[in-house]
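S.K.: There's a structure below that I have some questions on.
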Amino acid sequence: MNFLQNFNLPLRFWIAASVAFINSVTFTIIIPIIYPYARTFGLNDFQASLLVSVFPISKFIATPVLGKLSDYFGRKPVLVVSLLGTVIANIIAAFTSWAWLLFVARIFDGLTGGNISIARAVISDTTSKEERAKAFGIFGACFRLGVVAGPTLSYIAQNLPTVPGVSSLGMSFLVASGIASIATSLVLFFLPETAPPAKQENNNFSLNWRDLGFGQLLKFNLTRQFGDLFLITFLIGFTFTIFAFAFQPFLLNVLNQKEQTIAILFALIGLFGVITEIFFLEPLNQKFKIIYILGVALLARGIVFLLMPTFPEIVIFFILAAFLGVTNAFPRPLVTSILSTKTKEAEQGEILGVNTSYFSISQALGPATAGLLVDYFGYRSSFWVTGVITILAGFFAFTINPEKGSKN
């Protein structure tokens, strides 16, 4: 009975949670096919990496703007427009035969796709303070579940009968569009407005450069307080997104695997990550010092990166991918936990938002870096670079004082 009470939350919460799940699915369903799909348009490795990068950079720029729009015009209309953007962008990407239009579709999806912050705002609007920790925990679990479901659905989509004008790889975009359509319908027909539009002075709505993602990075640069943790966050995202792009041409051209294997490996990494985060993160956190767990996890993650090109066998690669999923589950939640203990309660929203901004910009820079490395230094180079950077980040993590911060 107590277990069921954990899920006793308003319908509006579950709609917001479904948006988180679908947001995660529509992003991760595309990741396993974006490189081979780009190659069918005649793009080289670096150009394909730019196709990956334009989505997170567009999302990074637009997400704060969407949040401000939802404060002024209301959550529901902005959420509907955002989800419709995903629907339209994926339909264009599925059917287009022009590379430039594929880039436009990915940019448009990024500009309209930053709806997680709006979904979080819906939860804050509709839950009590007592319910909020539980609600955000379930919300995060829905997002993590999408990380596993997305690549799995990508594999299924590639094996579906194709629609005229759409390739087997393009079917992932079409499925993503269909899933986003479901979310749009849920919000449009079942989600009431949870917050009235903000009453601005003189009813004027305005934006400036500080409302873009770069404003926070300039305000809280790496030389300021918490810069060490922001740097760790950046390196976590930077190295993983280098890997996430670079292992695809490695798998296809060095290990001679099919495109569907990419989806299976992404699902495997996500599955082991979710299992580790749910069942092992908290027990280890209670038993060992948090900074030791962070440092060891990063060192182990770096070693896995180095081992992957050293033993270019598909079975070994699968085993190492599972270990990567385990080691990848620790760093971000631990950095978030350290930041939350080092900051005053009134500062936590802003500081955690800045930390997310550093992670977001790393996701934009990582794929482009991987494309350059693959193009100029070969398929193995990205693994060496990510391995070395991650190991150095692990040693650096041991120098961080998790107690010293603004509370002192």
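S.K.: Build a GNM of the chain with springs between Cα atoms under 10 Å: which of THR390, THR241, THR126 gets the top mean-square fluctuation?
M.R.: So, out of THR390, THR241, THR126, the one fluctuating most is THR126.
S.K.: Still on this structure, please answer the following. Using the number of other C-beta atoms within 10 angstrom as an exposure proxy, rank PHE323, PHE317 with the fewest first.
M.R.: Taking fewest neighbouring Cβ atoms as first place, the list is PHE323, PHE317.
S.K.: Among the helices of the chain (complete DSSP H runs), which have Cα atoms covering no less than 18 Å along the helix axis and a Kyte-Doolittle mean of at least -1.0? Each step should come with its number before you reach the end.
M.R.: On the way: long enough: 11-28 (26 Å, 1.28); 45-73 (42 Å, 0.84); 75-95 (31 Å, 1.64); 99-112 (20 Å, 1.38); 129-158 (44 Å, 0.39); 171-190 (28 Å, 2.01); 227-253 (39 Å, 1.61); 259-279 (31 Å, 1.78); 290-310 (31 Å, 2.13); 314-328 (20 Å, 2.46); 348-377 (42 Å, 0.55); 381-397 (24 Å, 1.68).
The answer, listed by residue number, is 11-28, 45-73, 75-95, 99-112, 129-158, 171-190, 227-253, 259-279, 290-310, 314-328, 348-377, 381-397.
S.K.: Within region 242-268, whose backbone N sits under 18 Å from a point 7 Å along Cα→Cβ of TYR376?
M.R.: Residues passing the 18 Å test: 242-243, 246.
S.K.: Still on this structure, I have one more. Using alpha-carbon pairs under 8 Å, 6+ residues apart, how would you state the relative contact order of the chain in percent?
M.R.: Working: 631 pairs, mean separation 102.8, N = 408.
Dividing the mean separation by the residue count of the chain yields 25 percent.
S.K.: What's the ranking of 169-180, 291-302 by average number of surrounding C-beta atoms within 10 Å, highest first? Spell out each step's value before the answer.
M.R.: On the way: 169-180: 23.5, 291-302: 21.2.
The packing order, highest mean first, is 169-180, 291-302.
S.K.: Using only DSSP helix segments of four residues or longer, with each worth -39500 (n - 2.57), what per-residue ellipticity at 222 nm results for the chain after dividing by its residue count and rounding to 500? Can you show the working numbers first?
M.R.: Working: 18 runs with 314 residues, N = 408.
The helix contribution divided over the chain gives -26000 deg cm²/dmol.
S.K.: P(r) of region 215-401 in 10 Å steps, Cα pairs, percent per bin?
M.R.: Per 10 Å bin, starting at 0, the Cα pair percentages come out as 9, 36, 35, 16, 3, 0.
S.K.: Additional query: Give me the count of lysine pairs in region 215-401 whose alpha carbons sit under 26 angstrom apart, restricted to pairs 8 or more positions apart or on different chains.
M.R.: Details: LYS219/LYS342; LYS219/LYS344; LYS287/LYS342; LYS287/LYS344; LYS289/LYS342; LYS289/LYS344.
Going through region 215-401 pair by pair, I get 6.
S.K.: Now, a different point. Percent relative contact order of region 215-401, based on C-alpha pairs within less than 8 angstrom and at least six residues apart?
M.R.: On the way: 215 pairs, mean separation 82.4, N = 187.
It rounds to 44 percent for region 215-401.
S.K.: Continuing with the same structure: Figure the gain on full extension for SER117 and ALA141 (residue separation times 0.36 nm, minus the Cα-Cα span) and round it to one decimal in nm.
M.R.: Working: separation 24, 0.36 × 24 = 8.64 nm, distance 1.56 nm.
My answer for the length gained is 7.1 nm.
S.K.: Using a cut-off of under 17 Å, list every residue of region 225-259 whose amide N is near the label point 7 Å from the Cα of LYS344 along the Cα-to-beta-carbon line.
M.R.: The answer is 225-226, whose backbone nitrogens lie closer than 17 Å to the label point.
S.K.: Also, quick follow-up: In region 376-394, whose amide N lies under 11 Å from the spot 7 Å out along Cα-to-Cβ of PHE46? List them in ranges.
M.R.: Only 376-377 fall inside the zone, counting backbone N under 11 Å.
Rule-based calculations on the coordinates, nothing more; no lab input. Since we're looking at a predicted model, the values are computed, not measured. As a convention, Cβ positions derive from the backbone with ideal geometry for all residues, glycine included, and neighbour counts pool all protein chains shown.
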